[in-house]
Each structure stands twice: as C-alpha cells, then as structure tokens.
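The structure under discussion appears below in the form of structure tokens.
Each reported figure results from applying straightforward, stated rules to the coordinates on display, with no laboratory input. Note that this is a predicted model, so its numbers are computed, not measured. Quick reminder, even Gly has a Cβ in these numbers, built from the backbone with ideal geometry, and neighbours come from all protein chains shown.
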Protein chains: 2
Amino acid sequence: MGQQKTAAEGGTRESERRRTILRAAIDVFARKGYHGCRIADVAREAGVAYGLVYHYFKNKDELLETVFETGWTGFVTRVRSVADGEGTLVEKVRGIADVAFEAYRVDPRAVKVLILEIARSPAGARINRQTAFVDVIRLSSEMFTRAKDAGELRPDVDPLLASALLFGSIEMGLTAFVVGLADARDTQMLEQAKAQIADSFLHGVLADAPGAEVPAWKREKSGTKSKAPKRT
Amino acid sequence: MGQQKTAAEGGTRESERRRTILRAAIDVFARKGYHGCRIADVAREAGVAYGLVYHYFKNKDELLETVFETGWTGFVTRVRSVADGEGTLVEKVRGIADVAFEAYRVDPRAVKVLILEIARSPAGARINRQTAFVDVIRLSSEMFTRAKDAGELRPDVDPLLASALLFGSIEMGLTAFVVGLADARDTQMLEQAKAQIADSFLHGVLADAPGAEVPAWKREKSGTKSKAPKRT
DNA sequence: CGGCCGGTTGATTCAAGAATCAGCCGGGGA
DNA sequence: TCCCCGGCTGATTCTTGAATCAACCGGCCG
C-alpha cells in the first residue's frame, strides 16, 4: 500500500495496517470467540500476512488487550463525562444508558467482544481488565453517592450496589441483542430497550401503587397510554 | 492411592469418584478458568490419575458441560417453581433473588463458574448452554406477561426485557461478590444485596416523589408482602 | 486357585496453533 | 545505478496440553 502516512504527520503513529488488523481481530473475536479462533484467522480477515500480526502485537493476548483498551477507554470517558457532569440523577442515568446503546449502535461487534470476552474474562485474566471494569462501577458509584446526599436516591440504597445493578441491567439488556434474543436490526427496539432500562432502574417495574401520585416518566415518549396504571 | 474407601459398602463407589472429579473441576475452573487450566490440574485436585478423568468424561468440554447441567438444572427448577407457583409478582421476584443468592451461599465456586464460563460463553459455544440460559429468561418472561395481564406490572414494560433486566441485576449483583468488589464473607451483606436487588427492580432507586405514599419496602426483612396487589 | 473384569494408572502419542525467523520487496538516498 | 532499510511475508519450529492406550491392580466368580 503506497499510503505513506509515516511519522511525518506526527500524530497517529498507529499505522493503517495496525488498525486494519485490530478491526479484523474485533470481527473475528465477535464471530468465533477469542479462544475459538487462530491468529491465522485474524490475518486472513485483515488480508495480511500471518507474521505481520506479530509485527504489531507481541502476542495473541496483547491483541485482545488492545481491543479491550481501545473500546473500553472510549466508553469510560463518555460515562465519566456524564457521571461527573451537570444534571439530575435521572438525566445521568439516561445519559449512561445512552452512551452504552450508542456504542452498540455504532459498533455492535466491538461491544459483543467487550461483553462476551472481557467483562467476564475467566478468573485467570491477569492485568487490569477486571480492574478497569470495576473502575467504572466505582465511578458511577460515586455519582450515586452524590445523588444520595442530594436526596435524589432512596436513602436505603447502597450506591455501590446500585451502580452494579445499573450496569448489570444495561449489560443484560445489550446481551439480549448480542445473543439474538431481541432483533437488533430494529432501531426502534434499541431505543425502546434503552428507555425501559433507565425507566425500570429509576422507577421500578411495578404498576403504581393505588393512591400514589403518578410520576411523569411516561411522558418522555408518546404519552398516549399515560393513564393506564390505575388499578382498582 | 491407598485409600480404599471400604468397597464393601457397595453403593455408589463408582460415581463417588466421578463426583470427586466433578467437584475438583468446579474448584479448578473457578480458580483458573476453563481455558486457563489443564485436565492434569483437575486430576491433581481430585487426587486421581490423569486418565481417569477420561474414563468418566469423554473430553474436557463434556466436563464443563456436565458442571453446567448439574448446577444449572437445579437453578432452573427452583426458579420455575417460584415463577409458576402461587404468589404476587413482588413475592416471586423476591423468591427468584432468593434462589440465586441461596445458590451462591451454598456453593459460590459453582456459581462463579456458571457466571464466568457459561452464561457468557464465547460465540463458539456449541450445544445448548446459551439456549438453556435463554430459556430461563423466557420462563420468567412468561411470569411477567401474566403479571402484566393481572395489572401488577406497568403496562409499558416489555416482559422479555424486564426478565432480562431482573437476571442482569441479579447476575451483576452476584458478580460484585464473585469479583471481590464486595465481601462475600459477610452474610449480612449478601442478605442486604439480595433485598436491594429485588427492591430496586420493583420500585426503582429514586427517592419517592414528594407527596407520594411511602410504601414499606424499607423493612424488607419482616414479611414485606404488605399491600401488593392481590391476584385472583 | 486361577482367570476374568471393571476400575485405575500415567507415559506416550498427536494435533493444533502460537511464535519465530530467514529472507523478500520496493522506495529513497547516495 | 546500486545499496540500504524497514515494512512485510509465510514456511518452519516449538510448545502446550488434549486424548489415547497398554498395562496394572484387586475383587469376585466359577
């Protein structure tokens, strides 16, 4: 490839080739799983010689590690900016769900790899993967702590656990798509899932108790059936 | 190994070995992960000859498969009996959280393997693992559908998604312990987590809107079945 | 008593696939 | 023009660990 990006531009030292390989790795990992594929598969997918993979990555594990860092840091950054930014807890929770689902919309394969191969990487997984994962939980945990102090959160809710539950919901919601339980082609459905995850997390799934004031969460979208809950 | 387990007693001496191996497999998988361990590790852990593992199990994969079936079917059975049994949605949700956390209390290692190695087994995962996993979601999804018809569930909530979210919450809650984010030694904490998961899922995490009636979920311990909608 | 038989052993075999390495190629500087 | 250099190639080597297998117990039955 003639492309002489070279160091001249200083910026992204990352050669085109390297990125191609990374991209191929994501696709292959998503399709056959980390353990279920060989380096040769990645090379073929990238249209590159076997050895070149090793030119850019020390070994197979570093390849996965890089896929992880690439995708994860972006996610963390966005989540952080939401969690640490201005806004009510409700907005922030919605914002975080937004970030996650947007990531999925943009690159479902990458999200699949993150969820399937890394979030639950087997115990052996050295390095920081697990750590990084935990970091986000902590990050959002702090958000909840602040919200709690502000009285936005029920006082008997543990922030750390709340944080875990939020991401658990998001992850499993996404997993439903990843696994094919729900049809990801339907953008509509993505939107709805995102909304419901935030809603359920914030307000619960129960029909409103009789006599309780009906909150306005239904108004967010088509407020059509807004009066429904009222049971006897 | 000298230890002749009094063969005279007849009974299940044969399956005794098998069970020993299975137990060892769970422990080793939990410690080093399926891919991170060799059969030799399992054999050593079980105090058994390498070859014997292959006498009882066709191959490494069948070993994992068996661990899975053993643990999972028990779980599914319990969940089913709760989901299909009598009771309000609130009780059932609590019941399901109960089942999961009890399983963890009884055998944390096994739960760890189920969560880490199987629930999210990489794409390649043959057989029904993924299917079985999806089945529970469906099972509980039906429970939610019924609850929805009975007016217990908010009408704008999708049952399938609700189901995914419930298990997502439970799983991530458990993961917090598995990963060491929370201290599992503290039985107290297990109880609290369990309660909060159900509470959050049912009622949300938000502080009550001003003026709304305050339900009694704060005292999760003492028969909270309070005033949930009566079915039938 | 002897031979059969199922459970048991662990060294040996074998395949997969990770990692290496001896070069090739093409551009650019001398 | 020729040589150097670094990205690039892919056959070869090496490691790992799964799976096999021939032999070994020790009870039990004939």
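So here's what we get for this one:
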{"item": "Cα gyration tensor shape for region B:13-57, rounded if a/c is under 1.5, else prolate or oblate", "result": "prolate"}
{"item": "Rounded, prolate or oblate (a/c below 1.5 giving rounded, otherwise prolate when a/b exceeds b/c) for region A:148-196 by Cα gyration tensor", "result": "prolate"}
{"item": "Three-way shape label, region A:64-207, alpha-carbon gyration tensor, a/c 1.5", "result": "oblate"}
{"item": "Fewest-first ranking of A:D27, B:D208, using other Cβ atoms within 10 Å as the exposure measure", "result": "B:D208, A:D27"}
{"item": "Sequence of B:H35, B:H203 once ranked by neighbouring C-beta atoms within 10 Å, starting from the fewest", "result": "B:H35, B:H203"}
{"item": "Cα-centred dipole magnitude for region A:33-104, charges only on beta-carbon of K, R (+1) and D, E (-1), debye, nearest 20", "result": "180"}
{"item": "Ascending list, in nanometres, of distances separating the B:E102 label from those of the other copies (7 Å, Cα toward Cβ)", "result": "4.4"}
{"item": "Order of A:F68, B:F29 under a 10 Å beta carbon neighbour criterion, fewest first", "result": "A:F68, B:F29"}
{"item": "Rel. contact order, % - alpha carbon contacts under 8 angstrom, at least six apart, region A:17-174", "result": "21"}
{"item": "Region A:30-130: GluC sites (Glu not before Pro) in DSSP loop, at most 15 other beta carbons within 10 Å", "result": "A:E86"}
{"item": "In nm, spacing of pseudo-spin labels at B:K32 and A:T145 (7 Å Cα→C-beta vector)", "result": "3.8"}
{"item": "Sum of side-chain charges, A:V42 neighbourhood, beta-carbon under 12 Å (Lys, Arg +1; Asp, Glu -1)", "result": "+3"}
{"item": "Sparse-neighbour loop sites [trypsin sites (Lys or Arg not before Pro); region B:44-104; at most 14 other C-beta within 10 Å; DSSP]", "result": "B:K58"}
{"item": "Copy-to-copy label separations for B:M189, where each label sits 7 Å from Cα toward Cβ, in nm and ascending", "result": "3.8"}
{"item": "Nearest-first distances (nm) between copies at A:E142, label 7 Å from Cα via Cβ", "result": "4.7"}
{"item": "Placed amide H near B:V205: partners under 5 Å, 5+ positions off or other chain", "result": "A:L202, A:H203, A:G204"}
